[in-house]
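The structure under discussion appears below in the form of structure tokens.
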Amino acid sequence: MSLTIENLHASVEGAPILKGLNLEIPAGEVHAIMGPNGSGKSTLSKIIAGHDDYELTDGRVLLDGVDVSGLEVDERSRAGIFLAFQYPAEVPGVSNANFLRAALQARLPDGEEIDAVAFYKDMYAKMDELEMNRKFTSRAVNEGFSGGEKKRNEILQMMMLDPRYCLLDETDSGLDIDALKVVAKGVNSMRSANRGFLVITHYQRLLDYIKPDHVHVMADGQIVKSGGAELALELEESGYDFLKTA
Ligand code: ADP
Ligand code: MG
């Protein structure tokens, strides 16, 4: 079982961004992606999730061997792909609780109704784990949330939706150290043999708390270097200068 990216080429507004990217994330593993700004990390996460603005021009995304490249974003979500955005959108007029409830309801077979009591119990337990105040239940999704509150809310969504493959795009940016620990705790509580993670980050710091099995460096739309957790430490030391001489 794995999330497999094969020879991925993708464009945004006609400009090629991903240029033949290969990556396999077996269930049970955490893979980190680092790399300079503009190298295509967010584009990769959005192409996997099925974002409309990003055009897949060649290659495939396989979820446990099934090609999901042609599926709509909601179909991919229900198939088990989750993306925590680098810049989470605000959804005015839709409360956080209703948003989560609708997303979970959409996963049930036709005619089956979500159990409201169990839903609230589960949501409150997860909010407690993330040290989120209950007032966030009734507030509109991300509206007026601070950067850190938005990132915590992304993790709450992830924990509620229980996805098979989790993509986290710079979830650590904008977090203070306490929030970072809480978010890492949430992610670590979800690590299991049945679930894979792709964690995009600029900072080794996050990887102190979420230990990756593999670290990849992305540059100009490709993975140019892969290694173990120690690679993130090397990058922290030496930066991306090696890319210029390569
Ligand atoms: P990273 O996440 O590694 O910083 P991105 O994937 O966000 O990189 O961006 C890669 C390149 O694609 C950049 O040059 C960026 O300007 C461009 N790009 C990304 N999204 C869009 C978009 N929606 N419209 C136009 N250009 C975009
Ligand atoms: Mg990005």
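The values are calculated or read from the model by the stated rules, or taken from the named source; none is laboratory data. Predicted model, so just to flag it, every value in this text is computed and none were measured. Note that we place each Cβ from the backbone using ideal geometry, even for glycine, and neighbour counts take in every protein chain shown. Surface areas here come from the heavy atoms of the whole protein model, side chains and all, with no ligands, DNA or RNA. Shrake-Rupley method; radii C 1.70, N 1.55, O 1.52, S 1.80 Å.
In region 28-50, which residues are open to solvent by 20 Å² or more (accessible area, probe 1.4 Å) and either modelled with pLDDT under 95 or more than 19 Å from VAL73 (Cα to Cα) (or both)? Result: GLY28, GLU29, PRO36, ASN37, GLY38. Take the residues in region 51-88 that are on the phi < 0 side of the Ramachandran plot and touching a His at 6+ places or on another chain (Cβ under 9 Å), then tell me which one is least open to solvent (accessible area, probe 1.4 Å). Among them, the one singled out is LEU83.
Taken across region 89-102, residues that are surrounded by 20 or more Cβ atoms within 10 Å (Cβ to Cβ), within 16 Å of ligand 1 (Cβ to nearest atom) and among the hydrophobic types (A, V, I, L, M, F, W, C) do not occur at all.
Checked against (1) more than 16 Å from ligand 2 (Cβ to nearest atom); (2) out of contact with any helix residue (DSSP H, G or I) (no Cβ under 8 Å at 6 or more places or on another chain); (3) under 25 Å from ILE47 (Cβ atoms), GLU230 meets all criteria but (3).
Highlighted here are the helices (runs of 4 or more DSSP H) found entirely within region 123-220 that include at least 2 residues which are touching a residue at least 40 places away in the same chain (Cβ under 8 Å), within 28 Å of ARG101 (Cβ to Cβ) and out of contact with any strand residue (DSSP E or B) (no Cβ under 8 Å at 6 or more places or on another chain): 147-161, 177-190. Apart from one condition, ALA89 fits all of (1) in contact (Cβ under 8 Å) with a residue 24 or more places away in the chain; (2) more than 16 Å from ligand 2 (Cβ to nearest atom); (3) over 23 Å from LYS185 (Cα atoms); (4) within 20 Å of the chain's Cα centre (by Cα); the exception is (2). ALA106 meets all of the listed conditions (1) touching a residue at least 24 places away in the same chain (Cβ under 8 Å); (2) surrounded by 14 or more Cβ atoms within 10 Å (Cβ to Cβ); (3) away from ligand 2 (no atom under 16 Å from the Cβ) but one, namely (2).
Residues of region 109-163 that are of a type in the set (Lys, Arg), open to solvent by 20 Å² or more (accessible area, probe 1.4 Å) and under 24 Å from TYR87 (Cβ atoms): LYS126, LYS135, ARG139, LYS150, ARG152.
Would you check if GLU6 is at pLDDT below 95, open to solvent by 10 Å² or more (accessible area, probe 1.4 Å), more than 13 Å from ligand 2 (Cβ to nearest atom) and more than 24 Å from VAL187 (Cβ to Cβ)?
Details: at pLDDT below 95: no; open to solvent by 10 Å² or more (accessible area, probe 1.4 Å): yes; more than 13 Å from ligand 2 (Cβ to nearest atom): yes; more than 24 Å from VAL187 (Cβ to Cβ): yes.
The answer is no for GLU6.
Scanning region 197-207 finds no residues that are open to solvent by 30 Å² or more (accessible area, probe 1.4 Å) and in contact with a Lys or Arg (Cβ under 7 Å, 6 or more places away or on another chain).
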